[in-house]
Amino acid sequence: MELDACIKGRRSVRAYTDEPVSKEQIETVLEAGTWAPTGMYREPLRFVVIEDKNLIRYVSDETKALVKQAMPQMVKQFSTKEDIICYNVPVLILVCTEKDAQWSQVNLLDSVLATQNMFLKAYELGLGTCYMGFIALLNSKPEVLKKIGIPQNYDMTVPFILGHPKTKQGAGKRKKPNVLKWIK
Ligand SMILES: Cc1cc2nc3c(=O)[nH]c(=O)nc-3n(C[C@H](O)[C@H](O)[C@H](O)COP(=O)(O)O)c2cc1C
């Protein structure tokens, strides 16, 4: 796929079919992530891949409870039984890095850069993705992290979902670049 079409065509997908994503496709997406730059070339990223539907549902339910605690204004919206966190997706990927106070900010930046690579590769493969910001709240719940396969000495930096989109995504829209200053 042409790069510009890939960058501008990718959208966050929030409705998925039940069709599983093949192991080969998941590995291709992860591999694209490894090609992003990393601070000091440390390559700190580790991945937890969850295909177990019950476990994904557990992540959604635990996340919903935390959102309701943290944001009282969201209580009504997040009281639904619908999976409005992971959208019944077949694959949840958790980008993780080893806990290290000195490197935590760089680890997060590395994770985010890798994630955009993975989003673009997934889009090229015809798959959908969506960044799952709320799920990162689970970093405050070590017992939940343990249950979903994240070792005690790791942080979850970026959670995202991956699957076959139910429908074709509409075109995106962006503001023009807002240059604060251009100094020559
Ligand atoms: C840091 C971050 C957190 C996000 N968290 C969520 C989320 O929890 N749930 C969700 O549905 N979308 C989430 N999104 C997706 C954004 O809503 C989406 O990227 C934005 O609306 C632009 O739409 P597009 O990705 O289709 O271009 C998140 C995106 C980012 C970058």
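The values are calculated or read from the model by the stated rules, or taken from the named source; none is laboratory data. Remember, predicted model here, so these are calculated numbers, not experimental data. For neighbour counting, all protein chains shown are included, and Cβ atoms are generated from backbone atoms with ideal geometry for every residue, glycine included.
How many residues does the range 24-57 contain that are acidic (Asp, Glu) and on the phi > 0 side of the Ramachandran plot?
The total comes to 1.
Report whether or not LEU145 is more than 26 Å from HIS164 (Cβ to Cβ), out of contact with any helix residue (DSSP H, G or I) (no Cβ under 7 Å at 6 or more places or on another chain), at pLDDT 95 or above and surrounded by 15 or more Cβ atoms within 10 Å (Cβ to Cβ). The answer is no for LEU145. Considering only the range 137-152, I want to know if a residue exists there that is without any contact (Cβ under 8 Å) to a residue 24 or more places away in the chain and among the small types (Gly, Ala, Ser). Checking the range 137-152: not a single residue is without any contact (Cβ under 8 Å) to a residue 24 or more places away in the chain and among the small types (Gly, Ala, Ser).
A quick yes/no check of all residues on (1) more than 23 Å from THR38 (Cα to Cα); (2) more than 10 Å from the ligand (Cβ to nearest atom):
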| position | (1), (2) |
| --- | --- |
| LEU108 | no, yes |
| SER111 | no, yes |
| ALA136 | no, no |
| PRO142 | yes, yes |
| LYS147 | yes, yes |
| TYR154 | no, yes |
| PHE160 | no, no |
| HIS164 | yes, yes |
| GLN169 | yes, no |
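Just one of (1) over 17 Å from ILE161 (Cβ atoms); (2) of a type outside the set (S, T, N, Q); (3) at pLDDT 95 or above; (4) part of a loop (DSSP other than H, G, I, E, B) fails for ARG14. It is (1). Is it the case, given these coordinates, that GLU43 is more than 14 Å from the ligand (Cβ to nearest atom), of a type outside the set (A, V, I, L, M, F, W, C) and part of a loop (DSSP other than H, G, I, E, B)? For GLU43, the condition - more than 14 Å from the ligand (Cβ to nearest atom), of a type outside the set (A, V, I, L, M, F, W, C) and part of a loop (DSSP other than H, G, I, E, B) - is met.
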